[in-house]
Amino acid sequence: MPQNTAPKTAAEHSPLYQTYLRAEIAPERGEGAWIIAADGTRYLDFMGGIAVNVLGHAHPHLVEALTAQAQKLWHVSNLFQIPGQAKLGERLVAATFADKVFFTNSGAEAVECAIKTARHYHAEAGAPERYRLITFEGAFHGRTLATIAAGGQDKYLEGFGPKVEGFDQVPFADHEAVKAAIGPQTAGILIEPVQGEGGIRAVPNQCLQGLRDLCDEHGLLLVLDEIQCGIGRTGKLFAHEWAGITPDIMAIAKGIGGGFPLGACLATEAAAASMTVGSHGSTFGGNPLAMAVGNAVLDIVLAEDFLDHVAQTGLRLKQKLAAIADAHRDTIEDVRGLGLMLGLKCRVPNGDVIAAARAQGLLLAAAGENVVRLLPPLIIGDEEIAEAATRLDRALTTLTRSDAAE
Ligand SMILES: *Cc1c(COP(=O)(O)O)cnc(C)c1O
């Protein structure tokens, strides 16, 4: 090992894996769309833990649900009845295409369950060779060994040994390429209706409809990853509803927990039928605390008019962003996305825009294709929109194309 004589940086002193490039901000508490740092600085949070805090921070209904459950029971094995699971499961089934639900603690685990369900379906139908899933360039499905293989991004795969077998990646929204990729080993198609990490890229409705048709024609399962775009983010409970189609299997997480670790794999009766006793499991998945919070999130997201409010708020924010983009053509190329899942394609490095916004007390997230994501809580109103627009406008004014490091 080479001897490093340079003094240690703060990061090197940290006991933590250095897998994240962390900002200096240390949030101490939150209130709605705001995060307050230990030094009292207030940040408008339009990143939301990356699409997690759908109801903002410290929402009274969620705090009440979590603390009430914490007084009663935290954890019990899935070998027992968990009434909160049955309740949340029934509500998800009633609100979606699904007949069956498996609860997890994270998005990647929900996708793992979705992949296993798709493979098992064919295996139990006497075709175990049908285990391959068609996936799309720019996809993100998580960081486990199987989900990095599904995402297919070299930067996440390199150095981690052989890539998990069984994923065939095709260009984004390329119907002919999907058709050509279907073979005797294909089990299904895995897709995010709106790519999040990939750069807020919405799959055209017609393309999702085409995938549904291909699945029906070839006996494939349509598997959706709505971990980021689901739970009201786009103004519908789930983004695929805009296309008027339904999947066979769907992974959700992020928003459903409102900040508490919670994910789920939803499936039709037919797709889930092969997942019998012992075929899958989780120690923590579906624990009473997570179920209390998940049910509380649905109390609000499923309330009348809530989703219409998201769609309308999203439109108003998008209009503001379009005006800002017009005024800053040197830094912003276009505005994309739907509902409160919006992106700014940048002409300068997206990291510069994020840093400039942070300096103005506005928190935004990066994405692929040099996009900056705006993922505010779904409860924002005109006041937060106006405040965000003012701060973003100020931030972009501090940036000009000439000082971009291009
Ligand atoms: C965040 C995300 C995941 C992974 O979720 P984790 O909870 O980090 O495991 C998977 N798919 C999509 C679309 C996501 O946005």
Considering only the range 159-169, I want to know if a residue exists there that is in contact with a strand residue (DSSP E or B) (Cβ under 7 Å, 6 or more places away or on another chain), modelled with pLDDT of 95 or more and of a type in the set (S, T, N, Q).
yes
Got a number for residues in the range 219-241 being touching a strand residue (DSSP E or B) at 6+ places or on another chain (Cβ under 7 Å) and either of a type in the set (D, E, K, R) or more than 15 Å from the ligand (Cβ to nearest atom) (or both)?
7
From the list 117, 144, 104, 135, exactly one residue is out of contact with any strand residue (DSSP E or B) (no Cβ under 6 Å at 6 or more places or on another chain), at pLDDT 95 or above and of a type in the set (Val, Ile, Thr). Which is it?
144
Matching option when the condition is assigned by TED's automatic domain parsing to the domain that holds residue 223, away from the ligand (no atom under 16 Å from the Cβ), in contact with a helix residue (DSSP H, G or I) (Cβ under 8 Å, 6 or more places away or on another chain) and at positive phi, among 286, 278, 259, 244
244
Can you pull out the helices (runs of 4 or more DSSP H) entirely within the range 35-129 that have at least 3 residues that are within 16 Å of the ligand (Cβ to nearest atom)?
48-51, 107-124
Check whether at least one residue in the range 230-249 is within 20 Å of residue 51 (Cβ to Cβ), in a helix (DSSP H, G or I) and either in contact with a Gly (Cβ under 7 Å, 6 or more places away or on another chain) or without any contact (Cβ under 8 Å) to a residue 12 or more places away in the chain (or both), and report yes or no.
yes
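How about the range 130-149: which of its residues are among the polar types (S, T, N, Q) and not in a strand (DSSP E or B)? Before you say what the answer is, go through the steps one by one.
Taking the range 130-149 and keeping what is among the polar types (S, T, N, Q), we get 135, 144, 147.
Residues satisfying the conditions are 144, 147.
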Restricting the range 135-151 to residues that are closer than 16 Å to residue 369 by Cα and touching a Lys or Arg at 6+ places or on another chain (Cβ under 9 Å), which is nearest to the ligand (Cβ to nearest atom)?
151
How about the range 279-293: which of its residues are crowded, with 23+ Cβ neighbours inside 10 Å and under 17 Å from residue 81 (Cβ atoms)?
285, 286, 287, 290, 291, 292
Scan the range 176-197 and give yes if some residue there is part of a loop (DSSP other than H, G, I, E, B), touching a Pro at 6+ places or on another chain (Cβ under 8 Å) and either in the same structural domain as residue 271 (by TED's automatic domain parsing) or buried (at least 24 other Cβ atoms within 10 Å of the Cβ) (or both), otherwise no.
no
Does the range 200-212 contain any residue that is in contact with a Lys or Arg (Cβ under 8 Å, 6 or more places away or on another chain), on the phi < 0 side of the Ramachandran plot and among the basic types (Lys, Arg)?
yes
I'm told residue 204 meets every condition in (1) closer than 19 Å to residue 139 by Cβ; (2) touching a residue at least 40 places away in the same chain (Cβ under 8 Å); (3) out of contact with any strand residue (DSSP E or B) (no Cβ under 6 Å at 6 or more places or on another chain) except one. Can you identify the failing condition by its number?
(2)
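The values are calculated or read from the model by the stated rules, or taken from the named source; none is laboratory data. No experiment lies behind these values; they were computed from the predicted model shown. Cβ sites come from the backbone with ideal geometry, for glycine too, and all protein chains shown count toward neighbours.
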